[in-house]
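Each reported figure results from applying straightforward, stated rules to the coordinates on display, with no laboratory input. The structure displayed is predicted, hence computed values, not measured ones. Cβ placement follows ideal geometry from the backbone for every residue including glycine, while neighbour counts extend to all protein chains displayed.
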């Protein structure tokens, strides 16, 4: 069975500071990994995905994530936070092939202060 | 192009009533998923449609929940005899066959009073 753990339900940073959102996964088979962002009262928007190509994945809005198999991690980073980055972020895992439902973490709310 | 659309955006219903939630996937996407987002359970998978194959209903929480997909496009999620614990945001997503990328609609917020 696949699962995702996101450490920290809330992360607070100052504008311009580094953003680091943590995600660890558990999967018996090589997975696909995703980060989604959700703004208030909106659906989920795909930030980036890992699909077994490059381990460092770049996404939209300046975010990137690194797949580390040895640590079973897929942490999300951004060098400099912007006020508009305040949102909820979800890490998700799915199988490589076949039925590809997403299994989500519990989410991390990013708060950005001026 | 148009994204995934869902209607209604908000639905308030009385306990015991039936509700229907609609999802219009991206044109050409053969895979369609329903998820539920609630405070207590987070984001959880409900049901999956792929082309003309039988749907995977493994995530449906009870037999009060059902879904259909007509003509390989629009899908309707039906909840019968709604309960207060059904209050949640119901999200629909679609993808191309075999693609891991799922595109989400804005969701339907269901409130059962």
I need A:113, A:70, B:94 ordered by Cβ neighbour count within 10 Å, fewest first. A:70, A:113, B:94
Would you mind computing, in nm to one decimal, how far apart the modelled labels at residue A:84 and residue B:76 are, each placed 7 Å from Cα along Cα→Cβ? 4.0 nm
How much length would be gained if the chain were fully extended between residue A:113 and residue A:1, taking 0.36 nm per residue of separation minus their Cα-Cα distance, in nm to one decimal? 36.5 nm
Most mobile listed residue (A:64, A:15, A:88) in chain A, GNM with C-alpha springs under 10 Å: A:15
24 Å tail of the calculated P(r), chain B, as % of Cα pairs: 18 percent
Separation between Cα centres of the range B:50-74 and the range A:16-70, rounded to whole Å: 28 Å
Quick check on the exposure proxy: order A:60, B:26 from fewest to most C-beta atoms within 10 angstrom. A:60, B:26
If you take the Cα atoms of the range A:40-112, find Rg, then find the Kirkwood Rh from the mean of 1/r over all pairs, what is Rg/Rh? 0.96
Rounded, prolate or oblate (a/c below 1.5 giving rounded, otherwise prolate when a/b exceeds b/c) for the range B:70-113 by Cα gyration tensor: prolate
Given a 10 angstrom Cα cut-off, can you work out which residue in A:103, A:29, A:37 is the most mobile in a GNM of chain A? A:29
Per residue of A:37-50, other chain Cβ atoms within 10 Å number on average 4
Between residue B:14 and residue A:26, what FRET efficiency comes out of the Förster formula 1/(1 + (r/R0)^6) with R0 = 35 Å and r the beta carbon distance, rounded to 0.05? 0.30
Only counting other Cβ atoms within 10 Å, I'd like B:29, A:10 sorted with the fewest neighbours first. A:10, B:29
Each label sits 7 Å from Cα toward the beta-carbon; between residue B:53 and residue A:10 the label points are separated, in nm, by 4.2 nm
What is the diffusion coefficient of the protein assembly as shown in µm²/s, taking the Kirkwood radius over Cα pairs and the Stokes-Einstein relation at 37 °C with a viscosity of 0.692 mPa s? 181 µm²/s
